[in-house]
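Q: Have a look at this one before I ask anything.
Only the coordinates and a few stated rules stand behind these numbers; no lab work does. Everything numeric here is computed off the predicted structure, so don't read it as measured data. Don't worry about glycine lacking a Cβ; one is built from the backbone with ideal geometry, like all the others, and counts go over all protein chains shown.
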Amino acid sequence: MDTLIRMDLADETATEALARALAAIARPGDVLALRGALGAGKTTFARAFIHARDRAHGGPGDEEVPSPTFTLVQTYELKGGTVYHFDLFRIETPDETHELGIDDALADGISLIEWPERLGRRLPARRLEIALSAGTRPQSRRATLAGGDAWHRRLKEINLV
Ligand SMILES: Nc1ncnc2c1ncn2[C@@H]1O[C@H](COP(=O)(O)OP(=O)(O)OP(=O)(O)O)[C@@H](O)[C@H]1O
Ligand SMILES: [Mg+2]
C-alpha cells in the first residue's frame with residue numbers, strides 16, 4: 001500500500017470537501033478505510049460523504065448520519081447505490097465481523113469503515129486508506145491517503161494527486 005498524498009485539512013469544511021471529492025468518484029465495491037484516533041473526524045468525513053453521494057443522485061442529502069458505535073453498521077440505500085457505514089471499535093476479533101455480513105457489504109456497496117484495523121486480514125487489499133490525525137491547530141487535521149495503482153489513477157483523474 002503506497003502513500004498517495006498527504007494533505008492539511010485546515011478545518012471541518014476542508015474535511016468535508018475531501019469527502020465530497022471522493023464521493024464523486026466512488027462506485028459500488030469500493031472500500032474506504034477511515035483510520036484515526038477517537039475524535040479524529042472519521043464520522044464527520046462519512047456524514048459529508050453520504051450527503052454528497054445522495055445529492056449527486058438527486059436526493060436532498062440531509063439524512064441523519066449517526067455514529068454506528070453501537071449498531072456497528074448503518075445502511076443507506078441511496079439512488080447511486082448502497083453505502084454502508086461501519087464503526088468496528090467494539091469488535092474484538094475479525095471473525096465477529098462475519099456475522100455482520102460484512103463480506104457481502106464489501107462486495108456490493110460502497111463501504112466506509114471506521115476502525116478498519118479491527119478487520120485484520122479481512123480488510124480488502126483494494127481499499128483506499130484515509131488516515132486522519134491531529135493538525136497544528138484544534139480545528140485542523142492531517143490526512144494521509146494510501147492505496148494501490150487503481151486508486152492512484154482515480155485520484156489523478158480528479159487532480160487530487
Ligand atoms: N478538520 C476537522 N475535520 C473533522 N472534524 C473536525 C475537524 N476540526 C474539528 N473537528 C471536530 O472533531 C470532531 C470529530 O468527531 P468524529 O465523531 O467525526 O470523530 P471520529 O473519528 O468518528 O471519532 P470516533 O473514533 O469516536 O468514532 C467533531 O466534533 C468535529 O466537529
Ligand atoms: Mg466515529
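Q: For the range 86-152, state which trypsin sites (Lys or Arg not before Pro) are in a DSSP loop and have at most 13 other beta carbons lying within 10 Å of their beta carbon.
A: For trypsin sites (Lys or Arg not before Pro) across the range 86-152 that sit outside H, G, I, E and B with at most 13 neighbouring Cβ atoms in 10 Å, the list reads Arg90, Arg126.
Q: Which whole-Hz couplings ³J(HN,Hα) result when phi for each residue of the range 99-114 is put into the Karplus expression 6.51 cos²θ - 1.76 cosθ + 1.60, θ = phi - 60°, listed in order with x for Gly and Pro?
A: Residue by residue, the range 99-114 yields 5, 6, x, 5, 5, 5, 4, 4, 6, 10, x, 9, 10, 10, 10, 8 Hz.
Q: Given contacts defined as C-alpha pairs under 8 Å and at least six residues apart, what's the relative contact order of the chain, whole-number percent?
A: Working: 299 pairs, mean separation 57.1, N = 161.
Once divided by the residue count of the chain, the mean separation gives 35 percent.
Q: While we're looking at this one, here's another question. Is any helix in the chain, taking whole DSSP H runs, at least 15 angstrom long along its axis by alpha carbon and on average at least -0.5 on the Kyte-Doolittle scale, and which ones?
A: Length and hydropathy pass: 12-25.
Q: Next up: Would you compute, from DSSP H runs of 4+ residues alone, the mean residue ellipticity of the chain at 222 nm, taking -39500 (n - 2.57) per run and dividing by the full residue count, rounded to the nearest 500? Write down the numbers at each step before the final one.
A: Values: 5 runs with 49 residues, N = 161.
Taking each H run of at least 4 residues, the total per residue is -9000 deg cm²/dmol.
Q: Which of Ala143, Ala26, Ala37 ends up with the largest GNM mean-square fluctuation for the chain, with Cα atoms connected below 10 Å?
A: Ala37
Q: May I ask you to evaluate 6.51 cos²θ - 1.76 cosθ + 1.60, the Karplus curve with θ = phi - 60°, for each residue of the range 65-72 and list the ³J(HN,Hα) values in order in whole Hz, giving x for glycine and proline?
A: Calculated HN-Hα couplings, in order: 10, x, 5, x, 3, 9, 7, 6 Hz.
Q: Give me the net charge for the shell around His85: Cβ to Cβ below 14 angstrom, other residues only, Lys and Arg +1, Asp and Glu -1.
A: In short, -4.
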